[in-house]
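The values are calculated or read from the model by the stated rules, or taken from the named source; none is laboratory data. The structure displayed is predicted, hence computed values, not measured ones. Neighbour counts are summed over all protein chains in view; Cβ atoms, including those assigned to glycine, are modelled from backbone coordinates with ideal geometry.
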């Protein structure tokens, strides 16, 4: 696994994260893909525990590096984004929020916080934003905001400080 997946991903500057594996009937393991995720690099740099080694140990039947009951805190992350609003509808699970689809135009790390969203520049992103922040904005509006990756959701700051949220004038 190290030679076929982890090393090539690392050499390309893609920190390994999700590794899709399947056990064959003969007991050998096959790796389908290695997906990059900056959260794993952040975890490794702050805990000193290599995530790839833990996966290999697990597959080899070695004892776990972490004891049962160990809790890992979620990564405190925040990234300043400049986005173009593509669509927005009421969020299906969060009352008072919109489920917006945006194009990420630029991203800047926020000092003191992990940056988990900069790799999304140039991509479409689903983003939860407070309804009052999008009220009356037409599709195509360009917003400046700060957002974080939460469990399964990218959330704009709920109550941003002055200067941390804005709408750029139309061109």
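In the list 116, 105, 137, which residue meets the criterion of being assigned to a loop (DSSP other than H, G, I, E, B) and surrounded by fewer than 17 Cβ atoms within 10 Å (Cβ to Cβ)?
Details: 116 fails: surrounded by fewer than 17 Cβ atoms within 10 Å (Cβ to Cβ); 105 fails: assigned to a loop (DSSP other than H, G, I, E, B).
Selected residue: 137, the only one of 116, 105, 137 that is assigned to a loop (DSSP other than H, G, I, E, B) and surrounded by fewer than 17 Cβ atoms within 10 Å (Cβ to Cβ).
Would you confirm whether or not the stretch 78-91 contains a residue that is modelled with pLDDT under 95, touching a strand residue (DSSP E or B) at 6+ places or on another chain (Cβ under 6 Å), in a loop (DSSP other than H, G, I, E, B) and closer than 30 Å to residue 30 by Cβ?
The answer is no; no qualifying residue exists.
Any chance the stretch 141-155 includes a residue that's closer than 15 Å to residue 81 by Cα, in contact with a strand residue (DSSP E or B) (Cβ under 8 Å, 6 or more places away or on another chain) and loosely packed, with under 15 Cβ neighbours inside 10 Å? Give the steps one after another, and end with the answer.
Keep residues of the stretch 141-155 that are closer than 15 Å to residue 81 by Cα, which gives 141-149, 154-155.
Retained after the next criterion (residues that are in contact with a strand residue (DSSP E or B) (Cβ under 8 Å, 6 or more places away or on another chain)): 141-149, 154-155.
Retained after the next criterion (residues that are loosely packed, with under 15 Cβ neighbours inside 10 Å): none.
Within the stretch 141-155, not a single residue is closer than 15 Å to residue 81 by Cα, in contact with a strand residue (DSSP E or B) (Cβ under 8 Å, 6 or more places away or on another chain) and loosely packed, with under 15 Cβ neighbours inside 10 Å.
Out of all the residues in the stretch 103-124, is one or more in contact with a strand residue (DSSP E or B) (Cβ under 8 Å, 6 or more places away or on another chain), in contact (Cβ under 8 Å) with a residue 40 or more places away in the chain and within 15 Å of residue 140 (Cα to Cα)?
No, every residue in the stretch 103-124 fails to be in contact with a strand residue (DSSP E or B) (Cβ under 8 Å, 6 or more places away or on another chain), in contact (Cβ under 8 Å) with a residue 40 or more places away in the chain and within 15 Å of residue 140 (Cα to Cα).
So, in the stretch 140-171, exactly how many residues are in a strand (DSSP E or B) and outside the structural domain of residue 104 (by TED's automatic domain parsing)? Let's see the steps before the verdict.
Of all residues in the stretch 140-171, those in a strand (DSSP E or B) come to 142-150, 153-156, 166-167.
Subsequent filtering for residues that are outside the structural domain of residue 104 (by TED's automatic domain parsing) retains 166-167.
So the count comes out to 2.
Take the conditions touching a helix residue (DSSP H, G or I) at 6+ places or on another chain (Cβ under 9 Å), part of a loop (DSSP other than H, G, I, E, B) and at pLDDT 60 or above and apply them to residue 49. Does it pass? First the steps, then the outcome.
Working: touching a helix residue (DSSP H, G or I) at 6+ places or on another chain (Cβ under 9 Å): yes; part of a loop (DSSP other than H, G, I, E, B): yes; at pLDDT 60 or above: yes.
Considered against the rule, which asks whether it is touching a helix residue (DSSP H, G or I) at 6+ places or on another chain (Cβ under 9 Å), part of a loop (DSSP other than H, G, I, E, B) and at pLDDT 60 or above, residue 49 comes out as yes.
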